[in-house]
1. Would you mind calculating the gained length between E120 and H93 on full extension (0.36 nm times residue separation, minus the Cα-Cα distance), in nm to one decimal?
2. Name the residue, out of T37, T26, T81, whose mean-square fluctuation peaks in a Gaussian network model built on the chain with Cα pairs under 10 Å.
3. If you plug each phi of segment 21-33 into the Karplus form 6.51 cos²θ - 1.76 cosθ + 1.60 with θ = phi - 60°, what whole-Hz ³J(HN,Hα) values come out, in order, with x for Gly and Pro?
4. Could you check which residue among V30, V74, V110 shows the biggest mean-square fluctuation in a GNM of the chain with a 10 Å Cα cutoff?
5. Please report, for the Cα atoms of segment 4-125, the Rg to one decimal and the Dmax as a whole number; what are they, in angstrom?
6. In the chain, what is the count of Lys pairs whose alpha carbons are under 22 Å apart, counting only pairs at least 8 residues apart or on separate chains?
7. Please arrange I59, I49, I39 by how many other C-beta atoms lie within 10 Å of their C-beta, fewest to most.
8. Among S83, S67, S40, which one shows the biggest mean-square fluctuation in a GNM of the chain, springs joining Cα atoms closer than 10 Å?
Amino acid sequence: MKLHYLNGLLHTEFELRYQDKKAVITNIIVDTGAARTLISADAVFDIGIFATPVDELTIMSGIGGDSFAFRKIVDGLSFGTFSISNASIDFGHLDEGFGINGIIGLDILVPGKFIINLDEMYISRK
């Protein structure tokens, strides 16, 4: 899958499936420094993903400080040739100044056994 190097970050996209709805989420950052995948709650609201009282609340920590997110099980996530069912994904607010809709973290990259080729700007599976 092709990566796009924009503003010092590796951008890609993936498809998210939730309750018989799906959305292609663009401007996703591949981040080997992130433990968990995080998607902007604004990017998935139209397919019915929003915080409910039964969702687990989590704290995201990063350079900008701490903020809250909610964790939800989605039906599936597809990223290139990699597909996972019943994925536990965090959703929260991302700083709109960066123009990104999410971050793919090590919780997806490690089990997917991805190889990132920075010379050709491509990510593939082992």
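1. My answer for the length gained is 6.6 nm.
2. Among T37, T26, T81, the largest mean-square fluctuation in the Gaussian network model of the chain belongs to T81.
3. Here the 3J(HN,Hα) series is 10, 9, 9, 8, 9, 9, 6, 9, 9, 7, 10, 6, x Hz.
4. V110
5. For segment 4-125, the Cα radius of gyration and maximum Cα-Cα distance read 13.8, 45 Å.
6. Going through the chain pair by pair, I get 6.
7. Details: I59 9, I49 22, I39 26.
Placing the least packed residue first, the sequence is I59, I49, I39.
8. S67
Just so you know, all these numbers are worked out from the coordinates, no wet-lab data involved. Quantities reported herein were computed from a predicted structural model and do not represent experimental measurements. Glycine gets a Cβ as well: all are built from the backbone with ideal geometry, and neighbour counts include every protein chain shown.
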